[in-house]
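A.B. asks: Provided herewith is a single structure, encoded as structure tokens, for subsequent inquiry.
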Amino acid sequence: MSFSCYPKYKDSRVDWIGEVPEGWSVARLGFECETIVPMRDKPEHLGGEIPWIRIEDFNGKFIGDSKSGQGISPETVNAMNLKVLPVGAVLCSCSCSMGTTAIVVKPLVTNQTFIGVVPGKVFLSDYLYFFFQAAGDHLNSIGTGAIQSYLSRDDFRRLRLPCPSFAEQTAIATFLDRETAKMDALVAEQEKLIAILKEKRQAVISHAVTKGLDPSVPMKDSGVEWIGEVPEGWEVRAIKHIVSTPVTDGPHETPFFPDEGVPFVSAEAVSSGNIDFSKIRGFISKEDHLRYSEKFRPQRGDIFMVKSGATTGVTAIVETDMEFNIWSPLAVVRCGKQALPHFILNFMRSKNFQEAVTLNWSFGTQQNIGMRVIENLSVTIPSIKEQTFISAFLDHETARIDALTAEAARGIVLLKERRSALISASVTGKIDVRSILPSHLDQKTMEIA
């Protein structure tokens, strides 16, 4: 969709906004809107009909209910002298996820990570809703705080923003409602496609490493319930019987991390299924590396598996000869002569194996699985020739699926960028949407001048 500009512009005298249409004014938010600071602390006891809102409750343009069902009673509101946000207020994050915003459709309360903006006589809630989305990067840039940005009530009151007429605000909000809904639907479609591709990828892997590539081969019971039947000529062995060294892990101590040295890898670096050296825990000294290497020194073909934390069960393979070491959250499987590392890696990525991991992990402060438990989990062992064929087949098939997934992910990024650009251009008057006819809104491509 091509957009026209307004006939004339003027300097808004707000750097991040730039020029605005000549007929627009620029207003200070604190002069035109009431700003409400919610409670400073969470009440000790929640229970009541007034919803208590958190960042997890934001999902779309409107907000009025708590997903957790938590609420506060009017008596607590009065006793704590809390501010209830009225219907029509625009609730905006002033800390984490800066620029996250929604319009209040039911009186509610929330904590100090949000601020409520009640439109005055010159602004509409719908326009402010989109304006705060466009202002997200600016809000982050002016925030203060050592760990994360934070904006105070006074920061919000000092914000200067474009002020179109009510008619123009209505046109802008109506246009953006329609266009962003289309983009959001396309994003949802791409996210659904990615989920389907992810399931397809695991299904292809699972079938290949448990059933093989020849559907005509006779099958037999594997003797392991979560594996099921396997080809007649295959063996099923515990991991401890196919490794060249016992399953081990990294040091159970926190080393000193100098600014440079030997890369030290932990769960974060393998959480995506590959070893990402840009996400290492840090560096360790050569002396610590040599000391830790007495227990284990990584080498090409080693399989790492996360054994504790949120990504328990995620695997990666070493495909480098560079020097590095690992920390205790990672277990290491080093295959012997009868098992190819890439075949075992794929088996450990199968749905069957991942379900076995889930069945066998334990919980303390977080989920974890012990090395002796890992050693006793079973894997299938075809002949080396068949392992080679299956590994090559899966390399090809997963690469094809990964390419489709990456394409869908790029589409999501592009759609979100276009969405942000369209919102920003509309609320600051860089494009004139007033004369766009409904028939034009059916087009799916945009060309922002």
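The values are calculated or read from the model by the stated rules, or taken from the named source; none is laboratory data. Keep in mind that what you see is a predicted model, and the values were worked out from it rather than measured. Backbone-built Cβ (ideal geometry, glycine too); neighbour counts: all protein chains shown. The protein model used for the area step is the full one, side chains on, heavy atoms only, and it has no ligands, DNA or RNA in it. Shrake-Rupley method; radii C 1.70, N 1.55, O 1.52, S 1.80 Å.
A.B. asks: Quick check on the range 15-27: of everything there that is within 36 Å of the chain's Cα centre (by Cα) and open to solvent by less than 20 Å² (accessible area, probe 1.4 Å), which residue is farthest from THR180 (Cα to Cα)?
C.D. replies: So, considering only residues that are within 36 Å of the chain's Cα centre (by Cα) and open to solvent by less than 20 Å² (accessible area, probe 1.4 Å), the one farthest from THR180 (Cα to Cα) is ALA27.
A.B. asks: Identify, please: which residue in the range 298-315 is open to solvent by 10 Å² or more (accessible area, probe 1.4 Å) and touching a residue at least 60 places away in the same chain (Cβ under 8 Å) and is, among those, farthest from PRO246 (Cα to Cα)?
C.D. replies: This residue is SER308.
A.B. asks: Tell me which of these GLY69 doesn't satisfy, since it passes every other one: (1) exposed (fewer than 14 other Cβ atoms within 10 Å of the Cβ); (2) under 30 Å from SER165 (Cβ atoms).
C.D. replies: All conditions pass for GLY69, except number (2).
A.B. asks: Being farther than 27 Å from GLY309 by Cα, out of contact with any Ser or Thr (no Cβ under 8 Å at 6 or more places or on another chain) and at pLDDT 95 or above narrows it down to one residue among VAL243, VAL230, VAL217; which is it?
C.D. replies: Numbers: VAL243 fails: farther than 27 Å from GLY309 by Cα; VAL230 fails: out of contact with any Ser or Thr (no Cβ under 8 Å at 6 or more places or on another chain).
The conditions single out VAL217.
A.B. asks: Somewhere in the range 120-131, is a residue in contact with a Gly (Cβ under 7 Å, 6 or more places away or on another chain), open to solvent by 20 Å² or more (accessible area, probe 1.4 Å), of a type in the set (Lys, Arg) and farther than 24 Å from ALA409 by Cα? So that I can check it myself, show each step before the final result.
C.D. replies: Step one: filter the range 120-131 for residues in contact with a Gly (Cβ under 7 Å, 6 or more places away or on another chain), giving 125.
With the extra rule that they be open to solvent by 20 Å² or more (accessible area, probe 1.4 Å), the set shrinks to 125.
Pick out the ones that are also of a type in the set (Lys, Arg) and you get none.
So far as the range 120-131 goes, no, none of its residues is in contact with a Gly (Cβ under 7 Å, 6 or more places away or on another chain), open to solvent by 20 Å² or more (accessible area, probe 1.4 Å), of a type in the set (Lys, Arg) and farther than 24 Å from ALA409 by Cα.
A.B. asks: How do the helices (runs of 4 or more DSSP H) wholly within the range 101-172 filter down when requiring 2 or more residues that are of a type in the set (Gly, Ala, Ser): which remain?
C.D. replies: Values: elements: 125-134, 136-142, 153-158.
Result: 125-134, 136-142.
A.B. asks: Looking at the range 241-263, can you tell me whether even one residue there is out of contact with any Pro (no Cβ under 9 Å at 6 or more places or on another chain), within 21 Å of SER206 (Cβ to Cβ), without any contact (Cβ under 8 Å) to a residue 60 or more places away in the chain and among the aliphatic types (A, V, I, L, M)? Outline the logic, then answer.
C.D. replies: We begin by selecting, within the range 241-263, every residue out of contact with any Pro (no Cβ under 9 Å at 6 or more places or on another chain); these are 241-248, 251-263.
Still in the running and within 21 Å of SER206 (Cβ to Cβ): 242.
From what's left, without any contact (Cβ under 8 Å) to a residue 60 or more places away in the chain: none.
For the range 241-263, residues out of contact with any Pro (no Cβ under 9 Å at 6 or more places or on another chain), within 21 Å of SER206 (Cβ to Cβ), without any contact (Cβ under 8 Å) to a residue 60 or more places away in the chain and among the aliphatic types (A, V, I, L, M): absent.
A.B. asks: Out of the residues in the range 348-367 that are in a loop (DSSP other than H, G, I, E, B) and at pLDDT below 90, state the one that is nearest to the chain's Cα centre (by Cα). Give the steps one after another, and end with the answer.
C.D. replies: So the first thing to find is which residues in the range 348-367 are in a loop (DSSP other than H, G, I, E, B), and the list is 350, 361, 364-366.
Within this subset, residues satisfying the condition of being at pLDDT below 90 are 361, 364-366.
Details: TRP361: 24, GLY364: 25, THR365: 23, GLN366: 20 Å.
Among those that are in a loop (DSSP other than H, G, I, E, B) and at pLDDT below 90, it is GLN366.
A.B. asks: Would you point out the residue of the range 28-66, among those that are at pLDDT below 80 and open to solvent by 70 Å² or more (accessible area, probe 1.4 Å), that is nearest to PHE132 (Cα to Cα)? So that I can check it myself, show each step before the final result.
C.D. replies: Going residue by residue through the range 28-66, those that are at pLDDT below 80 are 37-47.
Narrowing the set further to residues that are open to solvent by 70 Å² or more (accessible area, probe 1.4 Å) leaves 40-42, 44-45.
Details: ARG40: 22, ASP41: 25, LYS42: 25, GLU44: 31, HIS45: 32 Å.
Per the stated criteria, the residue is ARG40.
A.B. asks: Right, another one. Of all residues in the range 87-99, which are modelled with pLDDT of 90 or more and either open to solvent by less than 50 Å² (accessible area, probe 1.4 Å) or farther than 25 Å from GLY120 by Cα (or both)?
C.D. replies: Our first condition is that a residue be modelled with pLDDT of 90 or more; within the range 87-99, this holds for 87-92.
Hits for the range 87-99 are GLY88, ALA89, VAL90, LEU91, CYS92.
A.B. asks: Let me ask something else. With the requirement that a residue be under 16 Å from PRO162 (Cβ atoms) and β-branched (Val, Ile, Thr), what does the range 89-138 give you?
C.D. replies: Listed by number, the residues that qualify are VAL90, VAL117, VAL122.
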